[in-house]
Amino acid sequence: MNFSDVVKEVISITARPDKVALIESSINAVISLCTMKASFARDLVETSIPVPPGEYAGTFQFNNLQVPVVQRFRKFKYVKAYGVKGYLTPTSPEKVFTPGGNTQRDVYYLSGDSITYVLSVDVPSLEIGYYQYAPILDANKNNTYWMLEVMPWTIIDLTAARIFKGIGDDASAARYQASGDEAFKVNRRDHEDMAMAVAR
């Protein structure tokens with residue numbers, strides 16, 4: 001299914017063609033919530049970011065990168081120095097220095113949309129894996145997303161529940177919410193990135 005198909009299904013279930021704008025925004029809200037409740041493998045993007053020669057520490061902003069795939073960043077799965085075993089350890093700015101005043105190596109921390117890293121070796125790039133937010137869908141420009149193809153009825157039921165709740169039909173809202181929640185559990189089990197699921 002695509003976005004337009006899902007809108008039609010929700011209209012059919014709720015019998016509220018007058019709520020098209022609300023249905024469209026609710027579909028996007030449901031997709032966004034489902035994306036943030038799990039670490040789906042299909043939302044994982046893997047890329048590399050060049051590190052200037054001889055630079056053992058640095059900061060880069062996602063918005064200024066010339067790597068086009070770093071977009072809709074939500075959270076890291078990993079940060080790794082190219083050619084080095086193991087991953088950089090996430091930390092916070094106040095923990096970069098040890099109590100003895102030494103700088104920790106092979107660590108990174110986030111500050112807003114910037115990442116700061118400290119390395120122990122000179123490497124040409126950082127390999128990163130990150131989960132992205134879902135795009136905003138509409139019928140004209142951006143009409144599809146993997147959740148609408150793989151788990152459409154989860155999105156349809158959860159959207160219908162929101163519409164029923166909004167019009168005061170609490171019994172229908174509860175029924176579709178329960179159905180959507182159950183479907184989400186199954187889809188999460190089937191499609192979540194297992195490395196993240198095991199780590200939690």
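A straight Cα-to-Cα reach below 14 Å connects LYS80 with the aspartates and glutamates GLU46, ASP106, ASP122, GLU127, residues fewer than 8 places away in its own chain not being considered.
FRET efficiency for the pair ASP138 and SER12, taken as 1/(1 + (r/R0)^6) with r the Cβ-Cβ distance and R0 = 25 Å, rounds to 0.80. Here the accessible area of the chain is 52 percent carbon and sulfur, with a 1.4 angstrom probe and all protein chains present.
The residues of the range 125-200 have, on average, 50 Å² of accessible surface per residue, using a 1.4 Å probe with all protein chains present. Our Cα-only numbers for the chain put the radius of gyration and Dmax at 21.2, 67 Å. Proximity of backbone amide H atoms, modeled 1.01 Å from N, is registered between THR144 and PHE3 at under 5 Å, excluding neighbours fewer than 5 places apart on the same chain.
When only alpha carbons of the range 82-141 are considered, Rg and Dmax amount to 16.3, 59 Å.
Around the amide H of LYS77, modelled in the peptide plane, lie the amide H atoms of GLY129, TYR130, TYR131, all under 5 Å away and 5 or more residues distant in sequence or on another chain.
Only helical runs count toward this figure. For the chain, summing -39,500 (n - 2.57) over DSSP H runs of n ≥ 4 and dividing by all residues gives -12500 deg cm²/dmol at 222 nm.
The values are calculated or read from the model by the stated rules, or taken from the named source; none is laboratory data. Everything numeric in this text was worked out from a predicted model, so none of it was measured. Heads up, the Cβs are rebuilt from the backbone with ideal geometry, glycines too, and the neighbour counts pull from every protein chain shown. Just so you know, the surface numbers come from the protein's heavy atoms only, side chains and all, with ligands and any DNA or RNA stripped out. Shrake-Rupley method; radii C 1.70, N 1.55, O 1.52, S 1.80 Å.
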